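Data first, discussion second: the structure below is written as structure tokens.
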Amino acid sequence: MKNNSNTDKPMVTKDNTKFKFSFLHPKNWPLLFAATLLWFISLLPNAVQTVLGRALGRLVMKILPSRLKIAQQNLALSFPDKSDTEIKALAKENFEYTGLAVIDTANAWFWPDWRIKKNMVIKGQEHIDQAKADGNGMLILGAHFLSLEISARIFGLLRPAHAIYRPNKSPLMEYLQCRGRTLSNKGLFDRRDIKGMLRILAEGEPLWYAPDHDYGRRRSVFVPFFAVEKACTITATTLFASGANTKTYPVSSCRLPDGRYQLIIRAPLENFPTGDEVEDAKRCNQECEKSILEQVPQYMWLHRRFKTRPEGEPSLYK
């Protein structure tokens, strides 16, 4: 299934995601072992998964001290009113949820539908139902929460959607991620396929979109994100949200203490987009902030969110 877009890579669907015997080559054995281990972990009870995930996160924290420093710096920059002790405690909890994110990915890619449904808590499904009834394209304004993989799987059970992804250079890893991400969703667009994404929104379909990372200066503006006044933020949201048939729906997700997953779909944004890329980027960051404040430790603080600075300004990372 090809599309007339600015990339020659077709949209990835269940139909064109196939296992190949070449994946069994010895060079792939480490990845096959890891995938098999994740499958086994997905079979375990929720309580056991939680213990394993938190332990894995604490291990990663010790193995990757540079990432720990990035998380601590992001938290300190975003919440300057918090003490050093509070920042370190938040960072430690964030790493525990990072370990749990590995478990969540295993569940998203290997759980059958019945187990997903048994472990999901939904708020705001009426907005999905209304959008479908009205025939509106849904720009699902998400963020990089650590439960992102399974929240997308859950959304697909409510209404199969499309998402944006970065193709992997490893054919086996590409198969695994595409298979897992299309279990309950319609397809994946290469991040360069702008025309394809706009087309499915115009057709009244949902598109999962997360514009909260720092993607560099190209097509970006510097607007506030928490206490950082100049956070590099992409402007593509204005383009995607501007379709006559498109409404923008903020979503958030988290892992609950009992091991279940909560997905919240909020009402569509009013008076959005404005057409002013700076004001729209500010609004996106504000919506992201609202969701993060509900579950600060479950956001992806490991990413160097403030790595791109305006010309002449020093790096915020030591």
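Some points to look at:
- Stretching the chain fully between LYS307 and ARG192 yields a gain of 39.2 nm (0.36 nm per residue, less the alpha carbon separation).
- Cβ-placed point charges (K, R +1; D, E -1), dipole of the chain about Cα centre in debye, nearest 20: 1200 debye
- Choice from ARG260, ARG115, ARG67 showing the highest fluctuation, given a GNM over the chain with Cα pairs closer than 10 Å: ARG115
- Percent RCO, i.e. relative contact order, over the range 101-238, from Cα pairs under 8 Å lying at least 6 residues apart: 27 percent
- Net charge, ASN285 excluded, C-beta distance under 13 Å - Lys, Arg +1, Asp, Glu -1: -3
- Helix runs (DSSP H) in the chain reaching 18 Å along axis by Cα, Kyte-Doolittle at least -1.0: 29-42, 46-63, 65-78, 84-110
- Each label was represented as a point 7 Å from its Cα along the Cα-to-Cβ direction; for SER315 and VAL121 these points are 4.0 nm apart.
- Normalising the average separation of contacting C-alpha pairs (under 8 angstrom, six or more residues apart) by the number of residues puts the relative contact order of the range 163-213 at 43 percent.
- Span from the the range 130-155 Cα centroid across to the the range 30-73 one, whole angstrom: 26 Å
- Cα gyration tensor category, rounded, prolate or oblate, for the range 113-298 with a/c compared to 1.5: rounded
- Of all the options ARG181, ARG191, ARG54, the one that moves most in a Gaussian network model of the chain with Cα springs shorter than 10 angstrom is ARG191.
- Of ALA231, ALA281, ALA89, the residue with the greatest mean-square motion in the GNM of the chain, using alpha carbon springs below 10 Å, is ALA89.
- In this simple spin-label approximation, PHE79 and PHE33 carry label points 7 Å from Cα along the Cα→Cβ vector, and these lie 3.9 nm apart.
- Considering only alpha-carbon pairs that sit under 8 angstrom and 6 or more positions apart, the relative contact order computed for the chain is 24 percent.
- Given their separation in residues at 0.36 nm each and the Cα-Cα distance between them, ARG218 and LYS88 gain 43.5 nm when the chain is fully extended.
- By the Kirkwood approach, averaging reciprocal distances over each pair of separate Cα atoms, the chain gets a hydrodynamic radius of 20.5 Å.
- Linear extension gain, VAL51 paired with ALA244, 0.36 nm per residue minus alpha-carbon span: 64.7 nm
Quick note: the coordinates plus some simple rules give every number you see, no bench work behind them. Bear in mind that the values here come from a model prediction, so they are computed numbers and not experimental data. A quick note on method: Cβ atoms are made from the backbone with ideal geometry, for glycine too, and the neighbour counts reach across all protein chains shown.
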